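The values are calculated or read from the model by the stated rules, or taken from the named source; none is laboratory data. Since the structure is predicted, the reported quantities are computational estimates derived from the model, not experimental observations. Positions of Cβ are generated from backbone atoms using ideal geometry, with glycine treated the same way; all protein chains shown enter the neighbour counts. Areas reflect the complete protein model, heavy atoms only, side chains present, ligands, DNA and RNA absent. Shrake-Rupley method; radii C 1.70, N 1.55, O 1.52, S 1.80 Å.
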Amino acid sequence: METQKLPEIIQGGMGIGVSSVKLARTVSMHGYLGVVSGTAVATTLARRLQVLKGRRTYEDALRAFPYPKMANRILEKYQPSSHLEGLKNRFKQIEMPSVNQSDDLTELMVVANFVEVYLAKKGHQGLIGINLLEKIQLPTLASLYGAMLAGVDYVIMGAGIPKHIPLVLDQFSKGLKASLPIKVSGELEGESTSIFFDPLTFAKGERLVEVKRPKFLAIISSTTLALHLSRSTSGTPDGFIVEKPIAGGHNAPPRGQLSLSDDGEPIYTDKDVVDLEVLKKIGLPFWLAGGYGHHQAYLDAKAAGAVGIQVGTAFALSRESGMSRSLKERIIDALKKGIAKVKTDLLASPTGFPFKVVNLKDTTGDEKTYQERKRICDIGYLREAYRKDNGDIGYRCPSEPVEAYVKKGGDIKDTIGRKCLCNGLMSTIGFGQQKSDGTSEPPIITAGDDLLYLLDFLKPGEKLYSAIDVLKVIVGNTFKSLTLN
């Protein structure tokens, strides 16, 4: 890879849907790497198609899918309903991911990822990436293939050890079948479970579409992981994104013995600092992330040997992001009043990873709202696969109803403080489910510790700022307003 041709700014891949098509296009069209989120896009596409407003855009993208019969089946299945407006929705439920999921769900996953990348790339020559989580394994193969069908330029993955991804990308680019080992709790030594995806089988007799291999960037938080991935027998990443623990979303747990602050947040030490000199010796390009959303940090990263930076939180509050406008304005208002707070919550995420949560009223970052929410698990992307006593595979989530989780063999202690990220993040982008009792799922908002500095992007008298405002501040006087048509 030639460093001078690599994007100096990577827009963070914030799910579900916060890293929107519009945001990714805007960043990409100005010469940087725009990124869409691949998390739960099967659900978001199904819900978008059920709302009349905006459906036309997605219909057009579906008609560009190389296997029309599949696209038509999805269009016919998810029709708009007149009663679906705003957050007062009652969407048709879709099947939850599983090892032996239906062909219909696999098709929806492939098509949905195609649509996100296709729309983000439409009308310009800039670079587009897709962000996936290693912790969400079951949709990974279908998601990667769908994104590759749309010509995705970069795949970015974190929240785990994505050591198998380079080989998967190699195989798909050659039209070959790929597999991915799946973590199944309770499996005995010598047991293993994998999922498979065969492009030829997926095509169902139609001509196989040729796809290019995208570059793969692994998100890391330690030199140990960087060294491990660079020596993997499944191939080497094309680069690393080095993420500090002040970044939004999921964070790596602290290395060594866990210590907590007075507020119950994990304390990170020098053990959690990535040695950039060791990273340089690996010889792969890298970007720095977590607190780099301002000009001096951008210059410091480049001076330290990085190609550039990845920025998430600043873009999450921009006009172009998928977060509901009302939530953006409420957060900005809280920042102006000095009452906005981000907590690194050890318990919130069902994954067990620390997760950054913004404390905002009427969201599950607010304790009262969290306690009043009735637990439900009906999207299921963060469910854990486990081996039942009879040998079958079951699924459970510590954020589901406590009784159900315990009945499936889960430890009741694991349910304490767990928040439903699937439903919460879906509500954050305005596609939350209306429950049978008439209430709507409350949103959940994640942001990095640098949330407090976002007012730097805001012009006097404005309630919000644009993604271009973010780029201008970060890049400084050298920023050029260009469009890569």
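Of the residues making up the stretch 247-285, those that are more than 30 Å from residue 169 (Cα to Cα) and touching a Gly at 6+ places or on another chain (Cβ under 8 Å) are 269, 271. Of the listed requirements (1) part of a helix (DSSP H, G or I); (2) open to solvent by 10 Å² or more (accessible area, probe 1.4 Å), residue 27 misses just one: (2). When residues in the stretch 162-183 are screened for being closer than 17 Å to residue 107 by Cα and open to solvent by less than 10 Å² (accessible area, probe 1.4 Å), 2 of them pass.
Among the candidates 346, 327, the residue that is touching an Asp or Glu at 6+ places or on another chain (Cβ under 8 Å) and over 30 Å from residue 477 (Cβ atoms) is uniquely 346.
Among the residues of the stretch 228-235, is any in contact (Cβ under 8 Å) with a residue 40 or more places away in the chain and on the phi > 0 side of the Ramachandran plot? Yes, the stretch 228-235 contains a residue that is in contact (Cβ under 8 Å) with a residue 40 or more places away in the chain and on the phi > 0 side of the Ramachandran plot. Put simply, of 93, 79, 125 the only residue that is modelled with pLDDT under 95, under 23 Å from residue 470 (Cα atoms), surrounded by fewer than 16 Cβ atoms within 10 Å (Cβ to Cβ) and not hydrophobic (A, V, I, L, M, F, W, C) is 125. Of all residues assigned to the stretch 260-276, at least one qualifies as being at pLDDT 90 or above and not in a loop (DSSP other than H, G, I, E, B).
Table: residues versus (1) of a type outside the set (Gly, Ala, Ser); (2) open to solvent by less than 20 Å² (accessible area, probe 1.4 Å); (3) within 25 Å of residue 130 (Cβ to Cβ).
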{"residue": "192", "(1), (2), (3)": "no, no, no"}
{"residue": "205", "(1), (2), (3)": "no, no, no"}
{"residue": "222", "(1), (2), (3)": "no, yes, yes"}
{"residue": "261", "(1), (2), (3)": "no, no, no"}
{"residue": "273", "(1), (2), (3)": "yes, no, no"}
{"residue": "277", "(1), (2), (3)": "yes, no, no"}
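Between 335, 288, the distinction of being within 30 Å of residue 183 (Cα to Cα), modelled with pLDDT of 90 or more and either surrounded by fewer than 22 Cβ atoms within 10 Å (Cβ to Cβ) or of a type in the set (A, V, I, L, M, F, W, C) (or both) belongs to 288 only. With respect to the conditions (1) in a helix (DSSP H, G or I); (2) of a type in the set (Gly, Ala, Ser); (3) over 29 Å from residue 8 (Cβ atoms), residue 476 lacks only one, and its number is (3). Being more than 23 Å from residue 135 (Cβ to Cβ) and under 25 Å from the mean Cα position of the chain (by Cα): is that true of residue 307 here? Taking the combined requirement at face value, the residue satisfies it.
Annotation note: Cβ proximity below 8 Å between a residue of the stretch 32-58 that is within 27 Å of residue 134 (Cα to Cα) and a residue that is part of a loop (DSSP other than H, G, I, E, B) and among the acidic types (Asp, Glu) (sequence gap 6+ or interchain) occurs for 32/8; 33/153.
Checked against the criteria, residue 218 does not count as in a helix (DSSP H, G or I) and open to solvent by less than 50 Å² (accessible area, probe 1.4 Å). Screening the stretch 394-409 for residues that are closer than 14 Å to residue 351 by Cα and without any contact (Cβ under 8 Å) to a residue 60 or more places away in the chain and picking the one that is most open to solvent (accessible area, probe 1.4 Å) gives 396.
Picking from residues in the stretch 370-393 that are assigned to a helix (DSSP H, G or I) and over 24 Å from the mean Cα position of the chain (by Cα), the one that is surrounded by the fewest Cβ atoms within 10 Å (Cβ to Cβ) is 371. If the condition is being in contact with a Ser or Thr (Cβ under 9 Å, 6 or more places away or on another chain) and either part of a loop (DSSP other than H, G, I, E, B) or crowded, with 23+ Cβ neighbours inside 10 Å (or both), then the stretch 226-241 contributes 229, 236, 237, 240. Checked against (1) closer than 26 Å to residue 320 by Cα; (2) free of Cβ contacts under 8 Å to residues at least 24 places away in the same chain; (3) touching a Leu at 6+ places or on another chain (Cβ under 8 Å), residue 95 passes all but condition (1). Remark: pairs (first residue in the stretch 442-456, within 19 Å of residue 250 (Cα to Cα) and polar (S, T, N, Q); second residue at pLDDT 90 or above and open to solvent by less than 60 Å² (accessible area, probe 1.4 Å); Cβ separation under 6 Å; 6+ apart in sequence or on different chains) = 446/356. Of all residues in the stretch 1-24 being part of a helix (DSSP H, G or I) and touching a residue at least 40 places away in the same chain (Cβ under 8 Å), which is farthest from the chain's Cα centre (by Cα)? Looking at the filtered set, the residue picked out is 3. Across the stretch 420-479, the qualifying residues are those that are crowded, with 22+ Cβ neighbours inside 10 Å and among the charged types (D, E, K, R), and the one among them that is farthest from residue 361 (Cα to Cα) is 450. A single member of 120, 159, 150 is touching a residue at least 24 places away in the same chain (Cβ under 8 Å), open to solvent by less than 10 Å² (accessible area, probe 1.4 Å) and either farther than 25 Å from residue 238 by Cβ or not basic (Lys, Arg) (or both), and it is 120. Consider the stretch 314-369 and keep the residues that are hydrophobic (A, V, I, L, M, F, W, C) and in a strand (DSSP E or B). The one that is nearest to residue 449 (Cα to Cα) is 342. Is it true that residue 451 is outside any loop (DSSP other than H, G, I, E, B), within 24 Å of residue 348 (Cα to Cα) and touching a helix residue (DSSP H, G or I) at 6+ places or on another chain (Cβ under 7 Å)? For residue 451, the condition - outside any loop (DSSP other than H, G, I, E, B), within 24 Å of residue 348 (Cα to Cα) and touching a helix residue (DSSP H, G or I) at 6+ places or on another chain (Cβ under 7 Å) - is met.
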